[in-house]
Structures are given as C-alpha cells and as structure tokens.
Amino acid sequence: MLEIIDGRAQKSPVHILRPRPLGRGAQPEDTVRQIVEDVRLKGDEAVLAYTAQFDDARLSPEQLRVDPGEIARSRSLVRPELIDALEVMAEKLRSTCERQVDEGWFDERPDEFVGEVVRPLRRVGIYVPGGRASYPSSVIMGAVPAQVAGVEGIAMCSPPGRDGEVSEVTLAACAVAGIDEVYRVGGAQGIAALAYGTASIRPVDKIVGPGNIYVTLAKRRVSGWVGVDSDAGPTELAIVAGEGAVAREIAADLVAQAEHGPLGTHVLITWLPELVDEVIAALDHEVMVHPRGDDVESALTEGGQAVLVADLDHALATADAFAPEHLELIFEGARDAVDRIANAGSIFVGRFSPVPVGDYVGGTNHILPSGGAARWSSGLSVRDFVRHIYVSGYERTALERLAPHIDALSAAEGLPAHGRSVALRLEDDG
C-alpha cells in the first residue's frame, strides 16, 4: 500500500508527488462556472434548482434558512458527550485565538505619526461540508476565530440531506458556537449565494471553510468579488519518524488520514529501512479492521509513500520541501527540530501528538493550507477575519522635512502633480 522511494543516495530533498485526478478534463470547472453564473443572475431560483439536482432536496425559498429555534433544540438531540467535546474544542480554540488578537500600533513623534488600526470584517460566510459525512468540528474551526476577531455577521452554509435537513450534529455545533444564521445549501451554489447574495441570503465579505473540488473551484471563481481562504485540497500527512517511533502507531496515523477519501497524500519519511517494513506490515492489520477498509486501502495505494532518506537532516529537508498540510515529528529531539521547519500547515511534535488531536481538541485550527500552499499561506486564524488599515498624520515641519524626497521620487516616476501637492502647501506662510 506504500510506494517505497529510496532517496538515500541523493543530496537534495526527495521530491514527493501528490496524486492528481485523472480523466476529469475541464468538466468540473465548466460545471462550476455555469452554477456560479446562474446563481449570480437568478439568485434563489438557481440555488433551489441546484439543491434539488445535486442534493435531491426540494426546498422553498422560505426553507433555505434553518429556523434558529431548530438550531437551539439540536443540542438536546445529540449525545451529551458530543456537546461536551464541542465545548472543549471551542474553549481551547478560543484560548488560542485570543492570543492572535492584534490591536494595532502607532509610532508617535513630535510632528508626525504613523501606524495601523485593526478592524474586523463586517460579515463572513462559513462553508461546512456535508453529504457522505457530517463535520461539526468545521463549524467550530470557522466560527470561533471570526467571533474572537469581532466579526458581527456570520452565516453558515451546509448541504442538506435528501430530507432537506442539515445534520443534527452540525446544527448542534452551531448551537455550541452561537451561530444562528444557517442555510440549507451546499456545493458551488452555496459559495455563489454567499458571495453574490440572493433574496434569501445576504452577501458576505469573505468565505472560509473546506469542501470538495466544486466548492474549491467556486471559491476561486468568486475570489476578487469576495475574499476567500486558501484552497482546501485533498488531505496530506507527512510523518518524519526515527528511533523510538512505533510502527503500528504510524500505520494508524496513515489510515486516519486516508479515511478522508481519495487523492490524499500519506507519507512516511525515515532513515530506518526496518521501520518501513514494520509500518507496511502494520498497515495490513489497520486496514483490515477499518469499517471502510476497501476505501482506505484504495486511498493508500493511490497516495501512500514510504520515503527512505540518508539521515534526520535529509528527512527534515524533504518534509520542508513537500510543505505538507500536517507534519508529525516522531524522533528524539523533535521539539528542537521545529525551528528547522519553515513550510507546514500544522506541526505535531512527539509520539503522543497525532493529527486527530489537532483536528479536534488540541487548540489549533484544522482548516489548513494543502497542495503545497503552506509555502506561502497559513492555517485559519483571527488574522483572516481582520483588516489592517494604515493611518498617518504630519505637521508642517514634518512635511517640510519630507518634501525634498517626495519631489525627487515624483520627478523620477513622471508624476509631477505628486510633488506639486506638497509644494503648494509649503508656499503658504500660514
């Protein structure tokens, strides 16, 4: 189930390939383009038509929004231990987010000042996947950073089931998070509705949250009209493991990521050939006992790799070049090695820090950059829901001091009115 790649002889980082979809052509992009355009032009009519087509749920415009009372009641319809877990998740993530709050700054001088003020976005949309499974954790991960940032309007979209309802566990998470604006709409039509607005759904300023290829393409399509977070592609896990790592635990971690579905990348990076053999043997058992063993085996066959490297330095360089969504470090001195990683969505340090802790109750966000985007972007945080606005002010003495520089630069750039706007003020003796 793991393709073995022997890179011990090469000095540069080993290149890790991500699975790519085959045989799809431009069809998803064509479909998304049509859906987004229809929703932009026809609003609710298109949203309801596509909801009936893709989710087999037939709704009226009045049924698009979930009644807030239904959201409140959902707390009593799910297991109490789930509510407890969601509350722990929200509390720990909120604690993390409160440390991310930036209040701006000012550099004050006798005759000038410059600084930044921080303002929350006015209104945001959170997309929560549905369909094959429910993801209440994604409600918390999207809502809490926005709330801590000070966003006043938060709308959530999630695809309904054939009964026309959003899952009870998703609504329970909304109740825990304090989200009472929820819409029964998913897919590209949900993204378009949040971006452009309809008669039933007010538009937002930014859309965040994971989804399938249609959701991802729709977010790209509306980007520029609204803000969006980084692409949420297929899941990724890289495990750098050495002495002290336990093969069956690594196998369990690989299976845990593989159960997210196809096109994911699940990589073991090690300098220990015997560990590769032990992990491959342990995978057979972990896959066999999984309720969806065939699907997991297919995902591992498609995207599973065991990369042999020369040593720890080579392993860390290989992981850093891959820039994974999730990175586990399981070897002696793993904590110190964090300083040597520049590219990763989230790092999990040590044997007792598997990715599922961060997925749920570790206090970190699980909406993370994938597909190599960790080279330039970060996991979802408070910073995604605020704007930094520059502010400056100058007295006459400061303008006199800066005027020669402005004049030189405006002349060099062929923008004489820039210099004149300054010079006119200084001609006035008053």
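Read-outs: derived from the displayed coordinates by stated rules, not from any lab. The shown structure was predicted, so the numbers you read here are calculated from the model rather than taken from an experiment. Note that we place each Cβ from the backbone using ideal geometry, even for glycine, and neighbour counts take in every protein chain shown.
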Item to check | Extension reserve of the SER223-LEU17 stretch, reckoned as 0.36 nm per residue once the Cα distance is removed | outcome: 71.4 nm
Checklist entry - List the lysines whose alpha-carbon lies under 19 Å from that of LYS206, not counting same-chain residues fewer than 8 positions away? => result LYS219
Checklist outcome for this item: Dipole check, the chain, charges on Cβ (K,R +1; D,E -1), about Cα centroid: among GLY227, GLN10, ILE239 the Cα furthest to the positive pole belongs to GLY227
Checklist entry - Which trypsin sites (Lys or Arg not before Pro) from the stretch 45-97 combine a DSSP loop assignment with at most 14 other Cβ atoms within 10 Å? => result ARG58
Checklist entry - Once fully extended, how much extra length lies between ALA52 and ARG8, figured as 0.36 nm per residue of separation less the alpha-carbon to alpha-carbon distance? => result 10.5 nm
Next on the checklist: For a quick check: sort TRP105, TRP225, TRP271 by the number of other beta carbons within 10 angstrom, fewest at the front.
Outcome noted: TRP105, TRP225, TRP271
Checklist entry - What are the ³J(HN,Hα) values, in whole Hz, obtained from phi via the Karplus relation 6.51 cos²θ - 1.76 cosθ + 1.60 with θ = phi - 60°, for each residue of the stretch 88-99 in sequence order, with x given for Gly and Pro? => result 5, 4, 5, 5, 5, 5, 4, 4, 5, 5, 5, 7
Next on the checklist: Amide H of TYR183 versus every other amide H placed in the peptide plane: which residues, excluding those fewer than 5 positions away on the same chain, fall under 5 Å?
Outcome noted: VAL66, MET156, CYS157, SER158
Checklist entry - So, counting K/R as plus one and D/E as minus one, what does the shell of residues with Cβ under 15 Å around GLU108 add up to? => result -4
Next on the checklist: What value in Å³ per residue do you get for the convex hull of the alpha-carbon atoms in the stretch 152-239?
Outcome noted: 134 Å³
Checklist entry - Taking H as built 1.01 Å from N, whose amide H comes closer than 5 Å to the amide H of GLY233, not counting residues under 5 places away? => result SER370
Item to check | Per principal axis, descending, Cα span of the stretch 233-378 in whole Å | outcome: 38, 33, 26
Checklist entry - From the list [x] 22.0; [y] 26.8; [z] 24.1, can you say which value of Kirkwood radius over Cα pairs in Å was derived from the structure given? => result [z]
Checklist entry - Using the Karplus equation 6.51 cos²θ - 1.76 cosθ + 1.60 (θ = phi - 60°), what ³J(HN,Hα) coupling, rounded to whole Hz, does each residue of the stretch 147-153 give in order, writing x for Gly and Pro? => result 5, 5, 5, x, 5, 8, x
Checklist entry - Counting only residues 5 or more places away or on other chains, whose amide H sits under 5 Å from the amide H of VAL307 once H atoms are built in the peptide plane? => result ILE5, LEU268, ILE269, THR270
Checklist entry - Does a label point 7 Å from the Cα of ALA408, set along Cα-to-beta-carbon, have any residues of the stretch 109-153 with amide nitrogen under 15 Å, and which are they? => result none
Checklist entry - Given springs between every Cα pair under 10 Å in a Gaussian network model of the chain, which of ASP107, ASP336, ASP253 has the largest fluctuation? => result ASP107
Checklist outcome for this item: With a Förster distance of 56 angstrom and the Cβ-Cβ distance between ASP313 and GLU108, calculated FRET efficiency to the nearest 0.05 equals 0.75
Checklist entry - Could you work out the helix-only [θ] at 222 nm for the chain, with each DSSP H run of four or more residues adding -39,500 (n - 2.57) and the total divided by the number of residues, to the nearest 500 deg cm²/dmol? => result -13500 deg cm²/dmol
Checklist outcome for this item: If the chain between GLU427 and ASP277 were fully extended at 0.36 nm per residue, the gain over the current Cα-Cα distance would be 45.9 nm
Next on the checklist: Please report, in whole Å³, the volume per residue of the convex hull around the C-alpha atoms of the stretch 141-298.
Outcome noted: 163 Å³
Checklist entry - Near LYS92, within a Cβ-to-Cβ distance under 14 Å, what is the net charge of the other residues, with Lys and Arg +1 and Asp and Glu -1? => result -3
Next on the checklist: Need the C-alpha centroid separation for the stretch 255-285 versus the stretch 374-392, integer Å.
Outcome noted: 35 Å
Next on the checklist: I'd like the Karplus ³J(HN,Hα) series for the stretch 297-303: coefficients 6.51, -1.76, 1.60, θ = phi - 60°, whole numbers in Hz, and an x wherever there's a Gly or Pro.
Outcome noted: 4, 4, 5, 6, 5, 6, x
Item to check | Sites ASP295 and GLU332 - FRET efficiency at Förster radius 30 Å, r taken between beta-carbons, to 0.05 | outcome: 0.30
